[in-house]
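All remarks here apply to the structure that follows.
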Amino acid sequence: MKSLRIFDTPTEVAGAVADRLAEVLAQHPRPVITFPTGSTMLPVYREIVARSQTGQLDLRGVQGIQLDEYAGVDDHTEASFRAWLHEHLLAPTGITAFHTLPAHDPTPAALASYEQVIASYGGVDLAILGIGGNGHIAFNEPGSPADSRTRVVELDRRTRQANERYWTDSDAFVPTRAVTQGIGTILEAREVLLIATGAEKAEILHEALHGPVSEHVPASLIRSHPHAEVLADAAAAGRQPSDSSARESDRLSA
Ligand code: GLP
């Protein structure tokens, strides 16, 4: 792993992600980027959308890749990750190329084809990730193999509880299964950027960064990636804001 960078606030983290995106776009006019969902990403996407609307970032050449999704959803499911990303990122930035997971009918052939399409793009340049309260990345729950590929998974009770807020329709309930890029798939990206903000992520982020590299804490597995970076706010990093050490870039060993 390359480094952990700590910022005072989620807004500063958002600015750093947008800066990194600008660098990636300067290097490749048509980068392949995996985008996550979740509340952590809201300020990040707000910043990216603001820069795009003021002409500072042009994302129209981006080939977006879906990271995870509930199993069984289709184009009409309002609580789908795909709909969420469309609203918060894709539509306002004009990203029209978005490769989705075969969530409605995730047959083995469809899952293999999802990965083959990514390979046909030349692989992923940048995988942006959040972290779940139990250490999951995408929907790779604790115990997911380090070499896992895109597949159907059962969701943890805690993950389903955390996602209840999106399923507000009285008839809807959080699906029990999801389709996710595997950890092996994610770690094939040339660069990995994990974003963590808020005190509720402090304990799991500490475990992921300083505990054993283990399938029990899937986020810890990114430490084996030579170009993985974690961007955290002071709260998630367990530091006080404006602590002079909070602005340092720490080097972490795998
Ligand atoms: C969700 C998604 C992840 C996301 C994570 C964190 O369940 N499957 O892709 O990174 O949990 O979400 P939040 O940012 O809302 O805490």
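The values are calculated or read from the model by the stated rules, or taken from the named source; none is laboratory data. Predicted model, so just to flag it, every value in this text is computed and none were measured. Here the Cβ positions follow ideal geometry from the backbone for every residue, glycine too, while neighbour counts run over all protein chains shown.
Before moving on, here are some points about what is shown:
- Gly15 meets the conditions (1) in a helix (DSSP H, G or I); (2) within 14 Å of the chain's Cα centre (by Cα) in every case but one. The failed one is (2).
- Given (1) part of a loop (DSSP other than H, G, I, E, B); (2) surrounded by fewer than 18 Cβ atoms within 10 Å (Cβ to Cβ); (3) away from the ligand (no atom under 12 Å from the Cβ), index of the condition Glu87 fails: (1)
- Pick from the range 98-153, criterion β-branched (Val, Ile, Thr) and in a loop (DSSP other than H, G, I, E, B), ranking: farthest from the chain's Cα centre (by Cα): Thr107
- Scan of the range 109-167 for residues that are at positive phi and surrounded by fewer than 19 Cβ atoms within 10 Å (Cβ to Cβ), ordered by number: Gly122, Gly123, Gly143
- Residue in the range 231-246 that is among the aliphatic types (A, V, I, L, M), modelled with pLDDT under 95, under 19 Å from Arg5 (Cα atoms) and part of a loop (DSSP other than H, G, I, E, B) present: no
- Among the conditions (1) in a helix (DSSP H, G or I); (2) surrounded by fewer than 16 Cβ atoms within 10 Å (Cβ to Cβ), the only one that Arg60 does not satisfy is (1).
- Within the range 136-153, the residues that satisfy the criterion of being in contact (Cβ under 8 Å) with a residue 40 or more places away in the chain, within 12 Å of the ligand (Cβ to nearest atom) and hydrophobic (A, V, I, L, M, F, W, C) are Ile137, Ala138, Phe139.
- Among residues of the range 194-223 that are of a type in the set (D, E, K, R) and in a loop (DSSP other than H, G, I, E, B), those with a Cβ under 7 angstrom from a residue that is at pLDDT 95 or above and within 13 Å of the ligand (Cβ to nearest atom), sequence gap 6+ or separate chain, pair up as Glu215/Ser144.
- Answer from Thr11, Thr34 - the residue that is within 16 Å of the ligand (Cβ to nearest atom) and either at pLDDT below 95 or within 25 Å of Arg239 (Cα to Cα) (or both): Thr11
- Within the range 168-189, considering residues that are closer than 25 Å to Leu221 by Cβ and of a type in the set (D, E, K, R), the one surrounded by the most Cβ atoms within 10 Å (Cβ to Cβ): Glu188
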